[in-house]
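The values are calculated or read from the model by the stated rules, or taken from the named source; none is laboratory data. This is a predicted model, so every value here is computed, not measured. Heads up, the Cβs are rebuilt from the backbone with ideal geometry, glycines too, and the neighbour counts pull from every protein chain shown. Calculation scope for accessible area: heavy atoms of the full protein, side chains included, ligands and nucleic acids excluded. Shrake-Rupley method; radii C 1.70, N 1.55, O 1.52, S 1.80 Å.
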Amino acid sequence: MIVLKALLKQRITFILLLLIPILLGLIWVNYFQDTVDDLKVPVVLVDPYNQTITDELLSEIEVDDTFNLTRTSEIPLKALERGEVEAIFVLPENLKELIMWSDLEGQIKWYRNDRSLFDGLFKEQLASSIMTRAVRAEAANVVQNYDSEENWEEMFEFGLRYFEPEPIFQMNFQQISSDMSENDSSDQYYLMRWLTWLYLMIVSSFFTKMMLEWKEQHISGRLKVISKTNSLRTSWLLLTGLIIGTLGLILVISIQWVFLSQVYLLSLLVDIGIILVSVFGYLLLTFIINKKETLWALTLGYGMTSSVVFFLLFFQILNHSWWTKLFLPSWILL
Amino acid sequence: MITLEGISYKKKRQYLLNQIDGRINKGDCITLFGPNGAGKSTLMKIMAGLNKPSRGKRSVQFHKKNPIGYVPQQIALFDGLTVKDQIKYYQKLTKQTSTDFVEVMIKELGLKDILNKRINQLSGGMKRKVNLAVGVIHQPEILFLDEAFVGVDLATKYDMLKWLNHLNAQGTTIVFITHDWYVINQLKPSMWILDQGEMLDQVNWNAVPYANIKSGSNALKKMFDVDLSR
C-alpha cells in the first residue's frame, strides 16, 4: 500500500498517467475530426428568404456524410474563389409554390469554380429531393383536376408512400473514398500502437527511476534487513505491471475499437505482451544499474533504435529478421 | 550474538577489508571508528547481512524473528509520504504490535508534532529522527547506525542519543559509525579502530587514550588528536 502511495503521490505520476493520455486523445480526436471534415465536400446552400421548405430539403440531404453542408442567406462568392467552397446553390423565392406548379426550370442558381469536382453529386441529390416533391405535387394536381373534392395535402402525402426516387448517381466516389480511408487508417493504426508502446515505455522508465531512487536511498537495503523476501521490489513489480498493464489494455482496446471497430485477440495479446516484456526488462535493470542517468541513457538508446527499426520495417526498407525481433515494436508489424 | 572470523571483502580487485575478527555480545555498544575509506560501512553491511564477505565467516545467534535494525547514512524514507505513513508501514511490515513502545518512541524523539507532515517538508534533523525511528520500530536485538547523526543540530542529537542510551540500557546492542566525538562521549562505546581495511585495535571507551594507533595513517592519528587535545 505504501509503495502504491509513494508511486501515486508524485505529481508527475498524474501528468504521465492521466493528463498525457487525455491530451494526446484530444489532439488525436481533433486531428481525426479535421481530417474527416477535410474529406467532406464543402457545399453552401443559400436561401436569402429563410423558407421552411429549405429546412425540409436540408433534413433529407444532411443525412449523407459526403458533404460538409452550410446554410446561409448570403452568397459567399469570395470563399468559392479561394477554393474553400466547392459549390454554391441559391434557392429562389417562393420555392414551395414553384415546386407545387412544377415551374422549376432555371430557378436554382449553381455557382462553381474550375476546380470543383464532386459538387455534381450534391446537385443531383438536391434536384432529386426537389423533383420528388414536384412530381408528387403534379400528381396531386392531376388527381384534383379529375375530382376537385379530393384533399390536395392528403394526395401529396399519399404519393410519398409509393414514390421514393433514388439519387441519379450512386456515386462511385463514395466507394473510392472508403478504400483510401481504409489504407490511411491502417497506417494510423500501426503508428498508434507504436506510440502507445513508446508512451508506456516512458511511464515504465519513470516508475523504474523511483525504484532506483529507493535503492540509492538504501530503502531497499533497510527493508532487506527486515524482510528477506525483498518485498519492495516485489510490490514495485506487481504495481507497475498492474498500472501499466491496465493502462495498456485500455489504450490498445480503444485503438482497435476506433480503427478496426472490433477487438482482435491476437493483436491485443501481442501489444500487451510487448508492454509486459518492457516492464520485465525494466525490472531486470533495477538489479543491474544504480544510476538514474544510466536508466535514461538506456531508455533513450533502446527507444530510439527500436523506433528507427520499426519505421524501416514499416516503410519496407528493411525486412523482418531474427535481430529485428529484439526491438519490441517490430512485433507490431508481424 | 555476532562473531566475525577472518572477514575479508574484495571489490574490483581491491581488498576493502582484510582479516577482520571480532565478537559482539548482547547489550554491547560499539563504534566502528576510522577515517574515510577505512572499510567501516562495508564491515557494518557484512555484520547486518547486507553484503557477503569474500572470505571468512560471520556467525550470528539471534532470538527474535526480526533481530536487526539498520539506519543507513542516507535518509531511507519515502519522499512525499507522511511520518505517520512511514511508521505505520514499518510497524506492519515488522509485525510490531507493541503500540506502547511506538508511542514512547514518538514522545522521546519529539515526533508527535510532525506525524502528519510529509518527509520532504521536514528539516534535516527531523528527517534523521524519523530515519532512526523506523530503524528501531520493531525493537531489534541489534541496531546498526551508519553515520546517523550527520547534519543534526545539538538539540536533535540530544534527543537521539538519549533514546539510544535508553535502548542500550534496555538490552539493545548498538553498533554505530560516526566521526563525531560528542556522540562517542555520550554513548561511551567500545571502539573498533579501523584503518585502510585493517582492524588496528578494539578498546573500551575509558581506554581510548591508550589505543594502539601507531601503525595507523596520519588521518587516523589526527582524528584522535582532535579529542585528546580537548
* To do: Provide a single number: the residues in region B:5-45 that are closer than 17 Å to B:Tyr70 by Cα and aromatic (Phe, Trp, Tyr).
  => 0
* Pairs under 9 Å by beta carbon, first residue in contact (Cβ under 8 Å) with a residue 60 or more places away in the chain in region B:1-29, partner β-branched (Val, Ile, Thr) and open to solvent by 40 Å² or more (accessible area, probe 1.4 Å), six or more apart or different chains? -> B:Met1/B:Val60; B:Ile2/B:Val60
* To do: Would you point out which residue out of B:Leu122, B:Leu145, B:Leu115, B:Leu164 is in contact (Cβ under 8 Å) with a residue 60 or more places away in the chain and of a type in the set (A, V, I, L, M)?
  => B:Leu145
* **Among residues of region B:94-115, those that are modelled with pLDDT of 90 or more, open to solvent by 40 Å² or more (accessible area, probe 1.4 Å) and under 24 Å from A:Leu232 (Cβ atoms), counted** => 0
* Asked: Of these, B:Leu132, B:Leu161, B:Leu167, B:Leu200, which one is outside any helix (DSSP H, G or I) and modelled with pLDDT of 90 or more?
  -> B:Leu200
* So which of A:Glu150, A:Glu93 ends up being closer than 22 Å to A:Thr52 by Cα and open to solvent by 30 Å² or more (accessible area, probe 1.4 Å)? -> A:Glu93
* Structure fact -> Selection from region B:171-187 of residues touching a strand residue (DSSP E or B) at 6+ places or on another chain (Cβ under 7 Å) and not polar (S, T, N, Q) yields B:Ile174, B:Val175, B:Phe176, B:Ile177, B:Ile184, B:Leu187
* To do: Pick out the one residue from A:Leu283, A:Leu298, A:Leu318 that is modelled with pLDDT under 90, crowded, with 16+ Cβ neighbours inside 10 Å and either part of a loop (DSSP other than H, G, I, E, B) or assigned by TED's automatic domain parsing to the domain that holds A:Tyr264 (or both).
  => A:Leu283
* Can you spot a residue in region B:185-195 that is open to solvent by less than 20 Å² (accessible area, probe 1.4 Å) and hydroxyl-bearing (Ser, Thr, Tyr)? -> no
* Asked: Does A:Ser261 satisfy being of a type in the set (Gly, Ala, Ser), closer than 30 Å to B:Asn51 by Cα and modelled with pLDDT under 90?
  -> no
* Answer yes or no: is there a residue in region A:146-168 that is modelled with pLDDT under 80, over 41 Å from the mean Cα position of the chain (by Cα), among the polar types (S, T, N, Q) and outside the structural domain of A:Gly25 (by TED's automatic domain parsing). => yes
* Asked: Is it the case that A:Phe311 is open to solvent by 70 Å² or more (accessible area, probe 1.4 Å), without any contact (Cβ under 8 Å) to a residue 60 or more places away in the chain and in a helix (DSSP H, G or I)?
  -> no
* Which pairs have Cβ atoms under 9 Å, sit 6 or more apart or on different chains, and link a residue in region A:102-118 that is on the phi < 0 side of the Ramachandran plot and open to solvent by 60 Å² or more (accessible area, probe 1.4 Å) to one that is assigned to a loop (DSSP other than H, G, I, E, B) and modelled with pLDDT under 80? -> A:Arg115/A:Gly83; A:Phe118/A:Thr66; A:Phe118/A:Met171
* Asked: Given region B:17-106, what strands (runs of 3 or more DSSP E) lie entirely inside it while holding 3 or more residues that are more than 12 Å from every other protein chain (Cβ to nearest Cβ)?
  -> B:29-33, B:55-60
* Structure fact -> Among A:Leu69, A:Leu45, A:Leu117, the single one that is of a type outside the set (S, T, N, Q), in contact with a Pro (Cβ under 9 Å, 6 or more places away or on another chain) and over 24 Å from A:Trp152 (Cα atoms) is A:Leu69
